[in-house]
Amino acid sequence: RDVLVLNGPNLGRLGTREPDVYGATTFKDLVLICESAGRELGLSVEVRQTDDEAEMVRWIHGAADSRTPVILNPAAFTHYSYALRDALAQRTAPLIEVHISNPAAREEFRHTSVVAAVANGTIAGFGVQSYVLALRAIAEM
Ligand code: DQA
């Protein structure tokens, strides 16, 4: 895989989960959108989702070992997972943090990202297009 697109807790429920915040696009649709954007950019994309912090940390270790670029929506892990941050700090390939919503415009607890400082950059607030923009950024890095 040229790019891994990793998604944290509750993102598997896109489409039914708080559609006023996260939109009507389902997780399945998100996978198709990322795959087709990847094809257009000449990138082979694999999209995964987990509700499990340990599984996410293992995926990051794998990406670190294979130096695979990662697009990551850490979901709620964004705001508190030092384990995820420490795993991400071991990576050398590009890392882009993405969010569907704009956490800076929401509750106070969402204003802190413990992973932002170990990412190349963050794209937030553009709905599922945040992922497409991140794929473009990876293609140009
Ligand atoms: C999110 C924003 C987070 O604050 C939240 O916990 C999520 C989704 C987003 O994509 O907008 O689960 O990462």
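The values are calculated or read from the model by the stated rules, or taken from the named source; none is laboratory data. What you are looking at is a predicted structure, and each value in this text was computed from that prediction instead of being measured. Quick reminder, even Gly has a Cβ in these numbers, built from the backbone with ideal geometry, and neighbours come from all protein chains shown.
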Legend entry - Selection status of Ala89, surrounded by fewer than 15 Cβ atoms within 10 Å (Cβ to Cβ), closer than 25 Å to Asp29 by Cβ and at pLDDT 95 or above: no
Inset, instruction - Could you check, for the range 53-60, whether at least one of its residues is in contact with a helix residue (DSSP H, G or I) (Cβ under 9 Å, 6 or more places away or on another chain), surrounded by fewer than 15 Cβ atoms within 10 Å (Cβ to Cβ) and not aliphatic (A, V, I, L, M)? - result: yes
Legend entry - Residue match in the range 21-40 (condition: in contact with a Ser or Thr (Cβ under 6 Å, 6 or more places away or on another chain), closer than 18 Å to Ile123 by Cβ and in contact (Cβ under 8 Å) with a residue 60 or more places away in the chain): yes
Inset, instruction - For the range 1-52, name all the residues that are in a loop (DSSP other than H, G, I, E, B), surrounded by fewer than 18 Cβ atoms within 10 Å (Cβ to Cβ) and hydrophobic (A, V, I, L, M, F, W, C). - result: Ala24
Legend entry - Checking Gly12 against (1) away from the ligand (no atom under 13 Å from the Cβ); (2) modelled with pLDDT of 95 or more; (3) among the small types (Gly, Ala, Ser), the condition it does not meet: (1)
Legend entry - Any chance Thr78 is closer than 22 Å to Tyr131 by Cβ, in contact with a strand residue (DSSP E or B) (Cβ under 6 Å, 6 or more places away or on another chain) and of a type in the set (Val, Ile, Thr): no
Inset, instruction - Go through the range 15-53 and give me each residue that's of a type in the set (Val, Ile, Thr), within 17 Å of Val98 (Cα to Cα) and within 16 Å of the ligand (Cβ to nearest atom). - result: Val21, Thr25, Thr26, Val31, Ile33, Val47, Thr50
Inset, instruction - Considering each residue of the range 61-76, count those that are exposed (fewer than 13 other Cβ atoms within 10 Å of the Cβ) and touching a Gly at 6+ places or on another chain (Cβ under 6 Å), and give that number. - result: 0
Inset, instruction - Return the total of residues in the range 41-83 being closer than 14 Å to Ser113 by Cβ and in contact (Cβ under 8 Å) with a residue 40 or more places away in the chain. - result: 7
